[in-house]
Every structure is written in C-alpha cells, then in structure tokens.
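Have a look at the structure below, then the notes.
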Amino acid sequence: MTAGQGLRVLAGLVLALALSACDMPVPDAPAPSAPRPPAQGDDGPSARSKALVAHYARIERDLKGRGLLRVDGGGPDTPFTDTDLMRNFERIVFFDEYAPGAGFRS
C-alpha cells in the first residue's frame, strides 16, 4: 500500500468514526393547545347566504327542467376532469387576471 492510499484509508476511517458519533436530533413535540371555545353568535349561515342558496337552487331546477343543465356527469364529449378544471381556473385567476405590482388587469 502506498502512502497516498494509506492516507485515504485513514481519512475514510476518521470520517466514518466522526459520523458514527452523530445523532439525529429528536424533534420537539408541539405544545398541546387548549381546545378553542365555541364561537359566540355563530348561528349558521346568514340570511343573505340562505337567500343565495335558494336563488341558485331555483336556477338549477329551472335549467334542469328545460334540459339545459347536464346531469349525467359527462361523457366522451367532456374529456377533462375536475383537476383539469381546477388547474385551468388557477391559471386564469393567478396568472392572466393579475399582474404583479400592477394589480388586477381589466
């Protein structure tokens, strides 16, 4: 064994010995939080919210009754998924309608 090889072996052994003494830190457990008390005055949906629910339910019934709202869940003419719709929506909202530093585009 040459001196260079011996030095490399020794360095490797020293490194292995040094790393064997290392220990992974134990993550601190988060402090348990006290349960939140129920919010005061939370009586459910507001009157405006209930009115909107009724309004859109009427529109849905009307469109279904006239055959203008699809109820079969799609078919071969709808080759996209809910994930595709979500990604498209995010692309439009976050990239097409908003300019950094300038706000919303019209």
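The values are calculated or read from the model by the stated rules, or taken from the named source; none is laboratory data. Everything quoted here is computed from the prediction, not taken from an experiment. Positions of Cβ are generated from backbone atoms using ideal geometry, with glycine treated the same way; all protein chains shown enter the neighbour counts.
For segment 39-73, name all the residues that are in a loop (DSSP other than H, G, I, E, B) and either touching a residue at least 24 places away in the same chain (Cβ under 8 Å) or surrounded by 11 or more Cβ atoms within 10 Å (Cβ to Cβ) (or both).
Leu69, Arg70
Only one residue in Phe80, Phe95 is at pLDDT 80 or above and either within 26 Å of the chain's Cα centre (by Cα) or surrounded by fewer than 10 Cβ atoms within 10 Å (Cβ to Cβ) (or both). Which one?
On inspection, the qualifying residue turns out to be Phe80.
Would it be correct to say that Phe89 is surrounded by 10 or more Cβ atoms within 10 Å (Cβ to Cβ), part of a loop (DSSP other than H, G, I, E, B) and either more than 29 Å from the chain's Cα centre (by Cα) or modelled with pLDDT of 80 or more (or both)?
In short, no.
Can you tell me which residue among Ala29, Ala21 is modelled with pLDDT under 90, within 28 Å of the chain's Cα centre (by Cα) and hydrophobic (A, V, I, L, M, F, W, C)?
Testing whether each residue is modelled with pLDDT under 90, within 28 Å of the chain's Cα centre (by Cα) and hydrophobic (A, V, I, L, M, F, W, C) leaves just Ala29.
Part of a loop (DSSP other than H, G, I, E, B), surrounded by 10 or more Cβ atoms within 10 Å (Cβ to Cβ) and modelled with pLDDT under 90: does that describe Arg36?
No.
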